[in-house]
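Novice: Could you have a look at this structure, given as structure tokens, before my questions?
The values are calculated or read from the model by the stated rules, or taken from the named source; none is laboratory data. All figures in this text were calculated on a predicted structure; none of them were measured in a lab. All Cβ positions, even for glycine, are placed from backbone atoms using ideal geometry, and neighbour counts span all protein chains on display.
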Amino acid sequence: MMKQFRAVVLVGMYEWHDREINDTVRCLARAFEGFDRYYIDPPKGLRALKGNMSYVLKSPRWQWSQDGEVAVGVPPLGFLPVKLGLRERANRCAACGLIRRLKRNYGADWREHTLFYVSSGSYTITGFIDMLAPKHMVFHLLDDNFAFPIIKNDRRVWEENKAFMDFMLLHSSLVLAVSQELVGKYSEMYNRKIYLLGNGVDVEHFSPENKAWPEAPELAGISEPVLLFIGAVNSWIDIGLLKELAEKRPAYKLVIIGPCYESSIDLAVWNSLKEMSGVLWLGSRPFAELPHYIQHASVLLLPRTRDEHSLASDPLKLYEYLATGKPVVAVGIPAVQKFAAFVYAAAGREDFIKLTDRALSEWNEEKQSLQLAAAEEYSWSSRIGTILKLLAETG
């Protein structure tokens, strides 16, 4: 089966040119070497109409651009809402245009030669996938959609997710999940085989051997130790834990990098945290520049909650942290436990603070070597190899 694929179409969760958030789908798109690669941006939604007349004028047609070896496609009419069947009309237009392109490039039997990759983050485009009718499709459960508060507390969004999951679990050639928790839950729910395949990392991008990183100006001259958290501040981040850490260790500098999704968090706690003298929130920074900031860190933090959607996750940031060789202190969710030989996995808030102290005092070259060796095993190219192997075995 591996030899027959000429193209891979990856349906994105984020726009390809979004430089502030990294995600699994774009990482895989870069790693699918040896194939023609097409990355499909998600619909932009109504927000695209604000001050973006250029997009609106071009929107009736597919917009294609080339970024290295990846062809990036912006679907037509991506601003149309779900109401009144307008989204379905946009899906039909997008599917027809993509089919014409693939048929032109690979012939009438293009479905035989094209592999589709869709993640659980693409729940708004069920109709688009249905109209494409792929013959070979990988579905990757990256999160437990049904457990997210923003989804389970909104009936319309929950039903949209349910319809998407039902469709993908029925029609996919291969179903993957990033955690054993997701494998167990969705295997039972849908009575089908689901394979475990976690996240990966661009090892070279974060390697401590890369000495070409310029200094991050915001952290120039900052007093040590520096505790760094990188990631979106949302419902699965324990902001109260960070606040308690900052209160009990005022001599430490806590730096936070990432966007804040205010509607999903306790704003009172977040605002109180930001106002503390030892805390610095820098907002989002481009993914390419993150190593510039990481080099200033004494310890990297992963302050996850123990909510259901957090327990089922496999944080991309965890693997990126590992590749830096810096000590990592994390709440001991299941994804962290397999790295317990070198990651400091906390049982609770007080333990998290104590382990941060330990990481600062005892981190050594032996632990660092173990951590860097582990990160090498999770390269994105190894993830691609596993996907292709499973397709060959199950096809």
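Novice: When you look at Ser369, is it of a type in the set (Ser, Thr, Tyr), without any contact (Cβ under 8 Å) to a residue 24 or more places away in the chain and either within 24 Å of Ser207 (Cβ to Cβ) or not in a helix (DSSP H, G or I) (or both), yes or no?
Specialist: Numbers: of a type in the set (Ser, Thr, Tyr): yes; without any contact (Cβ under 8 Å) to a residue 24 or more places away in the chain: yes; either within 24 Å of Ser207 (Cβ to Cβ) or not in a helix (DSSP H, G or I) (or both): yes.
The answer is yes for Ser369.
Novice: Give me a count of the residues in the stretch 244-267 that are buried (at least 19 other Cβ atoms within 10 Å of the Cβ) and out of contact with any strand residue (DSSP E or B) (no Cβ under 8 Å at 6 or more places or on another chain).
Specialist: Number satisfying all stated conditions: 0.
Novice: Can you tell me which residue within the stretch 372-388, out of those that are without any contact (Cβ under 8 Å) to a residue 60 or more places away in the chain and not aliphatic (A, V, I, L, M), is nearest to Val138 (Cα to Cα)?
Specialist: By that ranking, first place goes to Gly385.
Novice: Could you count how many residues in the stretch 38-80 are modelled with pLDDT under 75 and either over 22 Å from Ser119 (Cβ atoms) or touching a Gly at 6+ places or on another chain (Cβ under 9 Å) (or both)? Steps first, please.
Specialist: Let us first name the residues in the stretch 38-80 that are modelled with pLDDT under 75, namely 45-58, 80.
If we keep only those that are either over 22 Å from Ser119 (Cβ atoms) or touching a Gly at 6+ places or on another chain (Cβ under 9 Å) (or both) as well, we get 45-46, 48-58, 80.
Selection size over the stretch 38-80: 14.
Novice: Same structure, new question: Would you please name the residue that is surrounded by the most Cβ atoms within 10 Å (Cβ to Cβ), looking only at residues in the stretch 135-153 that are of a type outside the set (Val, Ile, Thr) and in contact (Cβ under 8 Å) with a residue 60 or more places away in the chain?
Specialist: Keep residues of the stretch 135-153 that are of a type outside the set (Val, Ile, Thr), which gives 135-137, 139-149, 152-153.
The next check asks that each one be in contact (Cβ under 8 Å) with a residue 60 or more places away in the chain; those that pass are 136, 140, 142-144, 147-149.
Values: His136: 20, His140: 26, Leu142: 23, Asp143: 23, Asp144: 23, Ala147: 19, Phe148: 22, Pro149: 15.
Applying the filter and picking the extreme gives His140.
Novice: Turning to a different aspect of this structure: Which residue out of Ala347, Ala323, Ala341 is among the aliphatic types (A, V, I, L, M), surrounded by fewer than 20 Cβ atoms within 10 Å (Cβ to Cβ) and more than 19 Å from Glu244 (Cβ to Cβ)? Can you show your working first?
Specialist: Numbers: Ala347 fails: more than 19 Å from Glu244 (Cβ to Cβ); Ala323 fails: surrounded by fewer than 20 Cβ atoms within 10 Å (Cβ to Cβ).
The unique qualifying residue is Ala341.
Novice: Further, regarding this structure: So which of Ile353, Ile387 ends up being out of contact with any Ser or Thr (no Cβ under 6 Å at 6 or more places or on another chain) and either under 22 Å from Ile257 (Cβ atoms) or not hydrophobic (A, V, I, L, M, F, W, C) (or both)? Working first, answer last.
Specialist: Values: Ile387 fails: either under 22 Å from Ile257 (Cβ atoms) or not hydrophobic (A, V, I, L, M, F, W, C) (or both).
Sole residue among the options that is out of contact with any Ser or Thr (no Cβ under 6 Å at 6 or more places or on another chain) and either under 22 Å from Ile257 (Cβ atoms) or not hydrophobic (A, V, I, L, M, F, W, C) (or both): Ile353.
Novice: If you check every pair at least six apart or on different chains, which have Cβ atoms under 6 Å apart with a residue in the stretch 93-110 that is farther than 13 Å from Tyr38 by Cβ first and a residue that is part of a helix (DSSP H, G or I) and among the aromatic types (Phe, Trp, Tyr) second?
Specialist: Ala95/Phe128; Lys103/Trp110
Novice: I'd like to verify a number: residues in the stretch 168-185 that are of a type outside the set (Asp, Glu) and within 17 Å of Pro334 (Cα to Cα), how many? Give the derivation first.
Specialist: Here is the first cut: in the stretch 168-185, the ones of a type outside the set (Asp, Glu) are 168-180, 182-185.
Still in the list and also within 17 Å of Pro334 (Cα to Cα): 177-180, 182-185.
Total satisfying the criteria: 8.
Novice: Take the residues in the stretch 284-320 that are among the polar types (S, T, N, Q) and assigned to a loop (DSSP other than H, G, I, E, B); name whichever of them is nearest to the chain's Cα centre (by Cα). I'd like the intermediate steps shown before the answer.
Specialist: Restricting attention to the stretch 284-320, the residues satisfying the condition of being among the polar types (S, T, N, Q) are 284, 295, 298, 305, 310, 313.
Imposing the further condition that a residue be assigned to a loop (DSSP other than H, G, I, E, B) reduces the set to 284, 295, 298, 305, 313.
Working: Ser284: 15, Gln295: 22, Ser298: 25, Thr305: 17, Ser313: 10 Å.
The qualifying residue nearest to the chain's Cα centre (by Cα) is Ser313.
Novice: Next up: Applying the selection to the stretch 207-236, what residues are in contact (Cβ under 8 Å) with a residue 12 or more places away in the chain and either on the phi > 0 side of the Ramachandran plot or outside the structural domain of Arg306 (by TED's automatic domain parsing) (or both)? If you could, list the steps in order and put the result at the bottom.
Specialist: Residues of the stretch 207-236 in contact (Cβ under 8 Å) with a residue 12 or more places away in the chain: 207-208, 210, 213-216, 218-219, 222-236.
Residue satisfying the conditions is Gly231 alone.
Novice: Here's a check for you: in the stretch 350-380, which residue that is surrounded by 15 or more Cβ atoms within 10 Å (Cβ to Cβ) and among the small types (Gly, Ala, Ser) is farthest from His113 (Cα to Cα)?
Specialist: Among them, the one singled out is Ala359.
Novice: Modelled with pLDDT under 95 and assigned to a loop (DSSP other than H, G, I, E, B): is that true of Gly85 in this structure?
Specialist: Numbers: modelled with pLDDT under 95: yes; assigned to a loop (DSSP other than H, G, I, E, B): no.
It is false that Gly85 is modelled with pLDDT under 95 and assigned to a loop (DSSP other than H, G, I, E, B).
Novice: Could you list, in sequence order, the residues of the stretch 162-180 that are surrounded by fewer than 21 Cβ atoms within 10 Å (Cβ to Cβ) and either under 13 Å from Phe146 (Cβ atoms) or within 20 Å of the chain's Cα centre (by Cα) (or both)?
Specialist: Residues satisfying the conditions are Lys162, Ala163, Met165, Asp166, Leu169, Gln180.
Novice: So, in the stretch 271-305, exactly how many residues are surrounded by fewer than 20 Cβ atoms within 10 Å (Cβ to Cβ) and of a type in the set (Phe, Trp, Tyr)?
Specialist: Number satisfying all stated conditions: 2.
Novice: Another one. When the residues of the stretch 109-134 are narrowed to those that are more than 24 Å from Leu388 (Cα to Cα) and among the aliphatic types (A, V, I, L, M), which ends up surrounded by the most Cβ atoms within 10 Å (Cβ to Cβ)?
Specialist: Here the residue is Ile125.
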